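Beneath this line is the structure, given in structure tokens, with notes to follow.
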Amino acid sequence: EDGYERLHRKRRRVSENQEIEDRLESLILRVGEKSSSSLESNLEGLASVLEADLSTFRVKILRILTECAIRMPEKCTIYATLVGLLNAKNYNFGGEFVDY
């Protein structure tokens, strides 16, 4: 493997991470908007997606949730519920969110 291949692989990994971060941000921003599914099922589904990515994107998820709760107070109960669902499976998450 030469330097070019190593750099290309690293760049691809960085762009894949950026795509995942963008997708997570979009999902978090849009939760609670009109949907054919119930809010409850949307929250449970989003919590499952976020839980799967918590180990890699924990700080990013905390930052997005915090910014959303601050900038969209009308959705504060939705974000509080989402944090509660995440906290139920990752008992430190709620405290980390409050401390963030």
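The values are calculated or read from the model by the stated rules, or taken from the named source; none is laboratory data. Every value quoted in this text rests on a predicted model; they were computed, and no experiment measured them. We place every Cβ from the backbone using ideal geometry, glycine too, and count neighbours over all the protein chains shown.
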- Query: Would you say Ser15 is at pLDDT below 95 and assigned to a helix (DSSP H, G or I)?
  - Reply: yes
- Matching residues, the stretch 32-71, being in contact with a Phe, Trp or Tyr (Cβ under 8 Å, 6 or more places away or on another chain) and over 17 Å from Glu21 (Cβ atoms): Ala69
- Query: What is the number of the single condition among (1) under 15 Å from the mean Cα position of the chain (by Cα); (2) at negative phi that Gly32 does not meet?
  - Reply: (2)
- Message: Which pairs turn up if I take residues in the stretch 85-98 that are without any contact (Cβ under 8 Å) to a residue 24 or more places away in the chain and assigned to a helix (DSSP H, G or I) and look for partners that are of a type in the set (A, V, I, L, M, F, W, C) and crowded, with 16+ Cβ neighbours inside 10 Å with beta carbon separation below 9 Å, at least 6 apart in sequence or on another chain?
- Response: Asn87/Phe93; Asn87/Phe97; Ala88/Ala47; Gly94/Val83; Gly94/Leu86; Val98/Val83
- Note on the structure: Those residues of the stretch 73-97 which are surrounded by 15 or more Cβ atoms within 10 Å (Cβ to Cβ) and charged (D, E, K, R) amount to Lys75, Glu96
- Query: Does any residue of the stretch 60-71 turn out to be part of a helix (DSSP H, G or I), of a type in the set (Val, Ile, Thr) and over 12 Å from the mean Cα position of the chain (by Cα)?
  - Reply: yes
